[in-house]
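The values are calculated or read from the model by the stated rules, or taken from the named source; none is laboratory data. What you see is a predicted model, and the numbers here were worked out from it, not measured in a lab. Cβ placement follows ideal geometry from the backbone for every residue including glycine, while neighbour counts extend to all protein chains displayed.
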């Protein structure tokens with residue numbers, strides 16, 4: 001009888017332990033699912049919310065900037081019962097269009113040439129103005145693109161590879177003094193691709209990539225997290 005009671009007690013304990021293990025496994029599985037749902041929710045909402053937040057901040061910053069520049073009698077807030085977000089951007093775009101229309105006319109071209117002539121006479125300001133004008137002309141021009149292809153090259157030593165953006169073939173005196181055909185390659189930095197450095201690389205030492213410049217820049221900004229192949233599939 002004693003043995004049977006011990007066996008029954010032991011069996012009951014085993015059954016209870018099995019139930020506890022099953023309940024624990026269920027709760028662990030539920031917890032892992034909740035955790036996965038949480039991370040999925042963050043992944044879905046974070047980019048959207050951050051984009052809208054930055055857009056919201058940019059819109060209100062431009063609205064304040066435009067309101068400060070405009071004379072009080074021309075500020076739209078003085079005539080509207082409520083503040084309209086984004087009205088400053090609309091006013092700014094209209095002003096830029098009007099300035100562009102004026103600059104393309106005969107009178108506008110005259111004043112533009114006169115202003116540039118004055119700026120180019122100033123020692124330090126002339127070099128800064130020339131630099132910014134060249135950069136904006138390159139990036140905003142519809143006739144050509146700042147960079148036309150993405151390449152991989154071994155840099156800064158053999159065995160290490162880096163992404164580069166080709167602007168054009170090397171020409172002029174620089175090419176004449178080099179032993180073989182070269183290309184101008186801009187090496188952007190992470191996470192700010194607007195900074196970097198220019199190198200001249202032999203054409204034979206670069207590997208052309210089948211990805212767009214925009215996807216390459218996204219890849220560089222993300223520090224290698226965003227895969228260009230995944231971006232192609234999303235498109």
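Checked against the criteria, residue 69 counts as surrounded by 12 or more Cβ atoms within 10 Å (Cβ to Cβ), outside the structural domain of residue 226 (by TED's automatic domain parsing) and free of Cβ contacts under 8 Å to residues at least 12 places away in the same chain.
For the stretch 197-215, what are the residues that are within 18 Å of residue 160 (Cα to Cα) and either in contact with a helix residue (DSSP H, G or I) (Cβ under 9 Å, 6 or more places away or on another chain) or crowded, with 17+ Cβ neighbours inside 10 Å (or both)? The answer is 200, 201, 206, 209.
If the condition is being touching a strand residue (DSSP E or B) at 6+ places or on another chain (Cβ under 6 Å) and in contact (Cβ under 8 Å) with a residue 60 or more places away in the chain, then the stretch 188-212 contributes 209, 211. Take residue 221 and tell me if it is over 30 Å from residue 132 (Cβ atoms) and not assigned by TED's automatic domain parsing to the domain that holds residue 134. In short, no.
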